[in-house]
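Structure in structure tokens, see below.
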Amino acid sequence: MPELPEVETTRQGITPHIKGKQVSAVILRHHQLRWPIDSQLVDYLTRKKLLNIHRRGKYLLLEFVHGHLLIHLGMSGSLRIINTKTDAPQKHDHVDIIFSGNIGLRYHDPRRFGSILWTTEDPFNHKLIRKLGPEPLLEDFTGEYLFKASRKRKKDVKTFIMDSHIVVGVGNIYANESLFTSGIRPTKAAEKLTRKQCDLWVENIKAVLQRSITQGGTTLRDFVGGDGKPGYFAQQLNVYGRGGEACVTCRHILKEIRQAQRTTVYCSRCQK
Ligand SMILES: [Zn+2]
């Protein structure tokens with residue numbers, strides 16, 4: 001599943017190719033994503049200039065002078081830059097936004113859980129976006145914030161941090177990894193976190209996300225070209241996907257459990 005670092009790397013990868021360019025056509029091959037794509041999108045976008053691309057949580061916000069196109073990659077979506085003369089559409093290439101100069105932005109999504117929505121209101125006030133918690137990499141996500149937000153919350157810390165109303169973009173991999181590097185047991189009740197643990201955990205969440213974005217930056221060329229497999233970053237993981245293997249710190253066997261239907265892996269010696 002595309003997580004925040006992949007979405008941010010996508011933003012950085014596609015922006016230089018299409019920012020400031022005018023849309024010459026929109027091709028909708030499949031309207032039914034998570035919600036139907038407005039068939040008038042063709043009229044909304046044609047001959048309009050793309051001013052910029054922003055990100056909020058896992059939403060990409062394509063800014064036009066008269067509105068925004070909100071794109072969410074869902075479970076299996078990806079975006080890439082194509083040459084409209086040479087890159088013929090393949091299976092699951094549902095939407096092309098064609099710009100001047102034979103450049104296109106192609107949306108590919110086998111499972112079709114993603115979404116492409118047009119809005120003329122302030123995108124930060126859109127119903128899917130306005131209730132989102134702070135951006136994890138910005139200054140308003142702090143230990144103090146997390147400490148306050150976790151008071152009287154009996155939910156386990158891992159499920160708590162993956163709630164996008166608390167903070168956006170901490171997916172399963174990043175929750176597992178940051179709990180390990182912070183020495184916090186995933187089953188601990190959120191309200192039991194100390195202020196010190198909150199400070200450390202926030203620092204480690206920022207670090208693991210930033211590292212992933214930086215690594216993704218080296219695969220930016222993958223966003224251009226025909227094969228359409230923009231990278232999921234091969235990264236050094238301490239616990240995620242390593243249940244039953246030895247802890248990198250103490251060699252104790254890592255435990256694997258389920259929390260809110262998601263896999264959790266942790267070290268019962270290192271994480272209290
Ligand atoms: Zn350990």
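Please treat every number below as a calculation from the coordinates, not as lab data. All values derive from a computational prediction rather than experimental measurement. Here the Cβ positions follow ideal geometry from the backbone for every residue, glycine too, while neighbour counts run over all protein chains shown.
Counting other Cβ atoms within 10 Å, keep those with at most 12, restrict to DSSP loop, and tell me which trypsin sites (Lys or Arg not before Pro) in the range 29-81 are left.
Answer in residue order: Arg29, Arg47.
Right, another one. Between Thr46 and Lys85, how high is the FRET efficiency from 1/(1 + (r/R0)^6) when r is the Cβ-Cβ distance and R₀ = 30 Å? Nearest 0.05.
Result of the calculation: an efficiency of 0.95.
Apply the Karplus parameterisation 6.51 cos²θ - 1.76 cosθ + 1.60, with θ equal to phi minus 60°, to every residue of the range 189-196 and state each ³J(HN,Hα) to the nearest whole Hz, in sequence, with x for glycine and proline.
6, 4, 5, 8, 5, 8, 4, 5
Report the residues of the range 95-139 in range of a label on Ser76: point 7 Å along Cα→C-beta, backbone N strictly under 18 Å from it.
95, 107-116
Let me ask something additional. Taking only DSSP H segments of four or more residues, each worth -39500 (n - 2.57), what value at 222 nm results for the chain once the sum is divided by all its residues, to the nearest 500 deg cm²/dmol?
Helix contribution divided over all residues of the chain: -7500 deg cm²/dmol.
For the range 1-136, state the semi-axes of the equivalent ellipsoid (square roots of 5 times the eigenvalues of the alpha-carbon gyration tensor), sorted largest first and rounded to whole angstrom.
Values for the range 1-136, descending: 21, 17, 15 Å.
Sticking with this structure for a sec: Just to check I understand the Karplus step: with θ = phi - 60° and J = 6.51 cos²θ - 1.76 cosθ + 1.60, what whole-Hz values come out for the range 204-209, glycine and proline as x?
Karplus values, whole Hz, x for Gly and Pro: 6, 5, 4, 5, 5, 5.
Tell me, what ³J(HN,Hα) does each residue in the range 109-120 have, in order and in whole Hz, if you take phi through Karplus 6.51 cos²θ - 1.76 cosθ + 1.60 with θ = phi - 60° and put x for Gly and Pro?
Running phi through 6.51 cos²θ - 1.76 cosθ + 1.60 with θ = phi - 60° gives 7, x, 8, 6, 9, x, 8, 9, 10, 9, 9, 9 Hz.
So, with +1 on the Cβ of K and R and -1 on the Cβ of D and E, and no other charges, what is the size of the charge dipole of the chain about its Cα centre, to the nearest 20 debye?
Computed charge dipole of the chain: roughly 860 debye.
By counting other Cβ atoms within 10 Å of each Cβ, how are Asp140, Asp109, Asp87 ranked from fewest to most?
Starting with the residue having the fewest Cβ neighbours, the order is Asp140, Asp87, Asp109.
Using the charge dipole of the chain (Lys, Arg: +1 at Cβ; Asp, Glu: -1 at Cβ; taken about the Cα centre), state which of Cys247, Ser24, Gly74 has its Cα farthest towards the positive end.
Cys247
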